[in-house]
1. In sequence order, what are the phi-derived ³J(HN,Hα) couplings for the stretch 195-205 according to the Karplus relation 6.51 cos²θ - 1.76 cosθ + 1.60 with θ = phi - 60°, rounded to whole Hz, with x for glycine and proline?
2. If I model a spin label at Leu90 and Ala109 as a point 7 Å from the Cα along the Cα→Cβ vector, what separation in nanometres do I get?
3. At a Förster radius of 35 Å, what calculated FRET efficiency corresponds to the Cβ-Cβ distance of Cys148 and Thr221, to the nearest 0.05?
4. In a solvent-free Debye calculation with one equal scatterer on each Cα, what is log10 I(q)/I(0) for the stretch 62-216 at q = 0.10 Å⁻¹, listed in the order of the q values?
5. In which sequence would Phe244, Phe209, Phe103 go, from the one with the fewest C-beta neighbours within 10 Å to the one with the most?
6. Note down the nm distance, to one decimal, between modelled labels 7 Å out along Cα→Cβ at Phe192 and at Phe251.
7. Mind giving me the FRET efficiency for Gln273 and Phe120? R0 is 35 Å, r the Cβ-Cβ distance, nearest 0.05 is fine.
8. Work out how much length Phe127 to Leu82 would gain on full extension: take 0.36 nm times their residue separation and subtract the Cα-Cα distance, in nm to one decimal.
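Please treat every number below as a calculation from the coordinates, not as lab data. Keep in mind the model is a prediction, meaning the values are calculated, not measured. Neighbour counts run over all protein chains shown; Cβ positions are idealised from the backbone, glycine included.
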Amino acid sequence: MSTTPIDFRRHRELGDVISDTFQFIRQNFKPLFKTIFRITGPVFVILLLAIGYYSYLGMDLLENPFLNDTAEVNFEMYFIALFILFSSLLAFYVLLYNTVLHFIKSYIANAGVVNEIEVFHGVKNNFGSMLGLLLIAGFLTVLGLLLCILPGVYLWVPMALSPSILIFSGKSVFDSIGYAFDLIKNNWWNTFFTLFVITILVYIIGMIFQFPMMIYIFIKTLTTSHEGSVANPADIVDWVYVFFNVVSSLFQYLLSTIVVIATAFIYYSLDEQKNATGSYERISNLGS
């Protein structure tokens, strides 16, 4: 059964952004995540392996808390694992943002039919610019949080929209950031509240996938206390914990897709308010 394509180019309130985000995922779940796994798959596997290895080293360090020869080697490997984890996480998010946003761009351009070749080419062409944008956006947001928290919160809003601007408007990295500030002018509070609610929803959904790990930690802690020994983190962090941690991380990172899609809806909503792009397009199509 065919479905009517969702019109991105219109103004939306908070409830519309949330409902249309999940409607878009329902309508395109299979092709969307198939494309995500095809493009991000290798990096995603490296990321999950890095999480598992990082957790394993953490378990080993808990068992060897004193700085002996073994612990020194572990600390070296710990920082190497941390570097691999950070690098693979950054690469994954660059690919994820590119994939989802180019998927939406192709969806809009082809009236609801996604051309996977267009998505692949778009991801390839925008990898460097998206990498630079996410690094700059992350640096500015973290710097703002370190300075006084409030500047970081303020910067979070335009920085969250800048990837959508980069892909949909074709602007450069710095022009995308500059235009993001222009878009949120007089709309910062509404945009912040929408992003905040979406983030909380994703966090709550993510907690569901962390539930098995939380139950396991609770049971392990209870068992240790019943045995009469003092609670030791090394007794809790074992291979089962590492497994649950990797599985929960898998779903946590994939849930970021919801946020990316929501930012696309927010961008088009703000752009419609400012430029009425969708309205002009619909009027121009009336005579065709």
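1. Each residue of the stretch 195-205 in turn: 4, 5, 5, 4, 5, 5, 4, 5, 5, 5, 4 Hz.
2. Roughly 2.9 nm, to one decimal.
3. That gives a FRET efficiency of 0.40.
4. Result of the Debye calculation: -0.52.
5. On the way: Phe244 20, Phe209 17, Phe103 28.
With the fewest neighbours first, Phe244, Phe209, Phe103 line up as Phe209, Phe244, Phe103.
6. That separation, rounded to one decimal, is 3.2 nm.
7. Working: r = 32 Å, r/R0 = 0.93.
Rounded to the nearest 0.05, the efficiency is 0.60.
8. Numbers: separation 45, 0.36 × 45 = 16.20 nm, distance 2.28 nm.
Extending this stretch completely gives an extra 13.9 nm.
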